[in-house]
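Data first, discussion second: the structure below is written as structure tokens.
The values are calculated or read from the model by the stated rules, or taken from the named source; none is laboratory data. As the structure is a computational prediction, the values presented were derived from the model and not from experiment. Cβ coordinates were reconstructed from backbone atoms using ideal geometry, including for glycine residues, and neighbour counts include every protein chain displayed.
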Amino acid sequence: MLSNLATLVRYRGLIQSLVARELKARYRGSVLGFFWSFINPLLLLAIYSFIFTRIMPNRVEGVQPYALFMLCGILPWTWLSAALTEASGSLIAGGNLIKKVLFPAEVLPIVSVLANMVHFFLALPIVIVFLFLYQRPPDAWDLAWFPVVVLVQLVFTTGLALALAALTVHFRDIRDILANLLMLWFFSTPIIYPWFQKEVLPYKLFFDVNPFTHLAISYQEILFFPGPFDHWRWLAALGVASVGLFLAGYWLFDRLRDSFAEVV
Amino acid sequence: MTPAIDLRDVTKIYRRYGGRQFATLKSALLQRSILRDLSPTETFPALQNVTFSVPPGRTFGVIGRNGSGKSTALKLVAGITKPTSGTVAVRGRISALIELGAGFHPEISGRENVFINAVMLGLSKREITRRFDDIVEFAELQNFIDAPVKTYSSGMYMRLGFAVAIHVDPDVLLVDEVLAVGDEGFTHKCLDKFAELRRLGKTILLVTHSLGLVERFCDEALWLDEGRARASGDPRRVVDAYLTAVEKTEQQQLAATTARAVAATRSVASAVAGGASAREAVPLVVPAAEPPEAKPDGELQDMFRVVEGRWGSREIEITEVTLLDGGQQPAFVFHSGDPMAVRLKVTAHAPATDFVFGVSLFNADGVCCYGTNTFIEQMDPQSLNGDAEVTFAVDSLDLVEGTYKLDVAVHTCDGYPYDYHRLLYTFRVKSRTPDVGIYRPRHSWTFSAGVRFKGGPERK
């Protein structure tokens with residue numbers, strides 16, 4: 001397993017080109033091309049602004065403008081959910097490669113994760129611009145934590161993606177289950193409501209065991225809320241757990257590897 | 001010298017995952033059977049105890065019927081699957097021409113796909129840049145290289161895939177039946193490229209159904225049958241052994257076809273014969289059971305409306321029809337130019353003085369290649385009593401390759417059928433020359449001094 005992990009480094013060139021291809025192919029043929037990566041979050045922001053200021057105004061103190069607060073959590077969430085959805089089907093979609101070419105299969109789910117990470121990065125400038133417009137500039141010291149959060153999420157997502165990709169080859173219905181689980185997960189994470197809202201507090205334990213809670217809170221603290229970033233202990237714990245998850249996911253993937261070419 | 005490819009006692013057992021392919025995760029969880037479900041339910045041996053090794057620089061051919069394990073062997077060498085037992089060792093960079101253009105993304109241009117495909121096959125960016133023009137030129141796609149691959153024709157797609165794979169500069173090249181891509185010109189170019197790689201001392205493993213290619217190109221060959229190595233060594237010998245075995249199975253299949261056809265008519269025919277024992281009872285033009293082509297010369301006129309069948313009054317009955325080869329042995333497969341004989345066993349239930357024996361040959365399109373009978377050839381019948389044998393012998397079966405059917409009949413001089421067997425007997429003609437047409441006239445070519453051909457000794 002460790003030697004396989006080492007060869008993964010050798011394939012970084014391949015991963016790089018595949019991610020680039022994925023990004024190019026996604027917008028190929030559309031008029032606006034890469035601008036969609038900016039326009040999508042912009043439209044999302046417009047919709048949420050309208051809903052949460054006009055239709056169901058949310059007046060929780062300290063989280064205004066509410067739409068911007070939500071966006072800070074939704075963008076990383078989109079990365080996670082899109083990456084997991086794509087990764088779970090990646091081995092089946094890339095069946096031709098696995099069956100016919102000597103090809104390190106783990107590259108496929110990893111490419112799904114990385115391609116969606118790039119989309120996340122492309123959407124970030126929109127958030128930053130609006131944070132300045134609304135005069136909530138993020139703190140420079142806080143921003144130093146940003147790469148750490150991204151790294152933790154990357155390791156966490158990759159571990160899950162590997163396990164899901166490997167299992168989906170054998171259990172095709174994971175893809176359908178996953179869509180529903182992700183919906184449940186989204187609503188049970190403080191993304192569209194702040195974690196300190198009083199209705200949330202009684203369920204604190206439930207929220208604390210949800211790994212994405214800590215990622216969401218970290219993003220929100222760094223980008224949206226002023227003041228020092230004080231969720232780092234949880235983040236560090238999650239980081240350690242994510243490495244464990246990654247190793248477990250990779251181990252599972254490695255164990256099932258030989259069956260892919262036959263079952264896909 | 002250490003071999004470039006070395007398979008030792010390799011067995012590959014494919015697992016058939018039974019109903020588990022679409023089993024649900026939920027049921028697996030409920031029954032706590034995830035681990036059990038991930039273990040195979042049924043197994044299928046694709047290769048059994050296969051051992052072979054290819055020294056560096058040699059070209060090795062693998063032949064065999066469909067499903068004999070050829071592609072599995074190739075995938076094992078390529079490292080795509082792992083052997084269940086035994087060892088596979090390959091030295092040097094492998095390029096597998098197994099699935100051409102696997103991994104092309106339809107939305108992006110040929111140029112970008114070439115880069116990504118070559119990276120997948122193990123080239124670095126710099127190496128690709130250096131070879132890019134060669135690749136495009138080889139694929140003959142200079143004008144289309146910047147168009148998205150989804151706009152390519154399947155031939156263009158394959159050519160590009162082939163061009164990339166062949167320019168990876170492999171030490172070991174694995175080829176799985178890919179020479180069928182592209183037009184004649186491209187096929188020649190591919191063969192030239194193979195020859196060039198051979199000259200450069202590359203090891204080539206070739207899986208193909210084209211036996212001629214194996215004989216021409218390979219230094220050694222292996223014949224796989226149902227996952228086992230049946231023969232290996234000199235390509236000509238292996239190909240011959242394979243062809244002999246193929247003929248044997250074909251003989252059996254054709255024998256079965258013929259037996260079925262005869263058996264199918266027997267039940268119908270006996271019913272007809274029962275009602276038609278008296279000659280007067282059967283008018284010459286008979287409806288229903290006797291199709292209009294029952295007329296003796298009909299075999300030449302109704303070649304487009306041929307149906308299998310048997311009819312006639314059975315006063316004289318053909319009890320057995322056997323095709324014989326040159327050694328007077330029953331056979332169903334003949335080589336073009338071989339002698340062939342059709343032996344009829346006939347029984348006259350009453351002494352007869354008016355009889356004609358006829359034979360005609362039809363090809364798979366239902367075209368009559370040849371038909372004759374004793375009446376046409378002006379033999380005047382005198383008497384036929386009890387059991388007898390009639391043999392129609394052909395000195396040289398000058399037909400092109402294909403499957404043929406045979407009509408045999410005995411009838412009166414004016415066409416009243418005693419026993420007519422229409423298209424009941426099937427045989428196959430094999431030929432090393434893929435010429436076309438209905439028959440092969442004896443022929444030869446002569447050339448004046450200005451005309452010369454390459455590879456003189458190869459041509460017969």
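For (1) surrounded by fewer than 16 Cβ atoms within 10 Å (Cβ to Cβ); (2) closer than 30 Å to B:Leu47 by Cβ; (3) of a type in the set (D, E, K, R), each residue gets a yes or a no:
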| position | (1), (2), (3) |
| --- | --- |
| B:Ser95 | no, yes, no |
| B:Ile98 | no, yes, no |
| B:Ala102 | no, yes, no |
| B:Pro106 | yes, no, no |
| B:Val114 | no, no, no |
| B:Ser124 | yes, no, no |
>> Of the conditions (1) crowded, with 18+ Cβ neighbours inside 10 Å; (2) modelled with pLDDT of 90 or more; (3) more than 14 Å from every other protein chain (Cβ to nearest Cβ), A:Ala115 satisfies every one except a single condition; which number is it?
In response: (3)
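Would you pick out the residues in segment B:346-383 that are polar (S, T, N, Q) and either surrounded by 18 or more Cβ atoms within 10 Å (Cβ to Cβ) or outside any loop (DSSP other than H, G, I, E, B) (or both)?
Keep residues of segment B:346-383 that are polar (S, T, N, Q), which gives B:347, B:353, B:360, B:363, B:372-374, B:378, B:382-383.
Across segment B:346-383, the qualifying residues are B:Thr347, B:Ser360, B:Asn363, B:Thr372, B:Asn373, B:Thr374.
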> Give me the pairs: first residue in segment B:65-94 and away from every other protein chain (no Cβ under 11 Å), second residue assigned to a helix (DSSP H, G or I), beta-carbon distance under 7 Å, and six or more apart or on different chains, which are they?
Replying inline: B:Val88/B:Leu76; B:Val88/B:Val77
>> Consider segment A:43-72. How many of its residues are surrounded by fewer than 17 Cβ atoms within 10 Å (Cβ to Cβ) and under 23 Å from the mean Cα position of the chain (by Cα)?
In response: 3
> For B:Val175, all conditions in the list (1) of a type in the set (Val, Ile, Thr); (2) within 14 Å of chain A (Cβ to nearest Cβ); (3) assigned to a helix (DSSP H, G or I) hold save one; what is the number of the exception?
Replying inline: (3)
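What residue, among those in segment A:18-35 that are in a helix (DSSP H, G or I) and surrounded by fewer than 16 Cβ atoms within 10 Å (Cβ to Cβ), is farthest from the other protein chains (Cβ to nearest Cβ)?
Looking only at segment A:18-35, we keep the residues that are in a helix (DSSP H, G or I), and these are A:18-27, A:33-35.
Among the residues that remain, those that are also surrounded by fewer than 16 Cβ atoms within 10 Å (Cβ to Cβ) are: A:27, A:33-35.
On the way: A:Tyr27: 9, A:Gly33: 12, A:Phe34: 14, A:Phe35: 18 Å.
So the residue we want is A:Phe35.
Of the residues A:Ser259, A:Ser242, A:Ser218, which is surrounded by 12 or more Cβ atoms within 10 Å (Cβ to Cβ) and more than 22 Å from A:Trp185 (Cβ to Cβ)?
Criteria check complete, one pass: A:Ser259.
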> Can you name every residue in segment B:290-337 that is under 17 Å from B:Gly415 (Cβ atoms), at pLDDT below 90 and hydrophobic (A, V, I, L, M, F, W, C)?
Replying inline: B:Ala294, B:Leu300, B:Trp311
>> Given the criterion free of Cβ contacts under 8 Å to residues at least 12 places away in the same chain and more than 22 Å from B:Pro330 (Cβ to Cβ), identify the matching residue among B:Asp354, B:Asp380.
In response: B:Asp380
> How about segment A:225-249: which of its residues are within 20 Å of A:Tyr66 (Cα to Cα) and of a type in the set (Gly, Ala, Ser)?
Replying inline: A:Gly227
> Got a sec? Which of B:Lys405, B:Lys430 is surrounded by 19 or more Cβ atoms within 10 Å (Cβ to Cβ), basic (Lys, Arg) and at negative phi?
Replying inline: B:Lys405
>> So, in segment A:132-164, how many residues would count as being part of a helix (DSSP H, G or I), more than 14 Å from every other protein chain (Cβ to nearest Cβ) and crowded, with 16+ Cβ neighbours inside 10 Å?
In response: 17
>> If I filter segment A:87-105 down to residues being outside any helix (DSSP H, G or I) and farther than 17 Å from A:Ile174 by Cβ, which single residue comes out as farthest from the other protein chains (Cβ to nearest Cβ)?
In response: A:Pro104
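Name the residue that is modelled with the lowest pLDDT, counting only residues in segment B:97-111 that are more than 7 Å from chain A (Cβ to nearest Cβ) and over 19 Å from A:Ile92 (Cα atoms).
Pass one, segment B:97-111, residues more than 7 Å from chain A (Cβ to nearest Cβ): B:97, B:100-101, B:104, B:106, B:109-111.
Next cut, over 19 Å from A:Ile92 (Cα atoms) only: B:97, B:109-111.
Numbers: B:Leu97: 77, B:Ser109: 87, B:Gly110: 89, B:Arg111: 89.
Checked segment B:97-111; the qualifying residue modelled with the lowest pLDDT is B:Leu97.
Mind telling me which of the residues A:Ile191, A:Ile222 ends up being in contact (Cβ under 8 Å) with a residue 12 or more places away in the chain, within 30 Å of A:Tyr66 (Cα to Cα) and out of contact with any Leu (no Cβ under 7 Å at 6 or more places or on another chain)? Full working, then the answer.
Details: A:Ile222 fails: out of contact with any Leu (no Cβ under 7 Å at 6 or more places or on another chain).
Only one candidate passes the filter, namely A:Ile191.
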> With respect to B:Val321, is the statement that it is crowded, with 20+ Cβ neighbours inside 10 Å, in a strand (DSSP E or B) and touching a strand residue (DSSP E or B) at 6+ places or on another chain (Cβ under 6 Å) true?
Replying inline: no
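Considering only segment B:140-155, state which residues are within 27 Å of the chain's Cα centre (by Cα) and buried (at least 19 other Cβ atoms within 10 Å of the Cβ).
Of all residues in segment B:140-155, those within 27 Å of the chain's Cα centre (by Cα) come to B:154-155.
Passing the criteria: none in range.
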> Given the conditions (1) closer than 24 Å to B:Ile80 by Cα; (2) within 14 Å of another protein chain (Cβ to nearest Cβ); (3) within 19 Å of the chain's Cα centre (by Cα), and given that A:Ala261 satisfies all but one, which numbered condition is not satisfied?
Replying inline: (3)
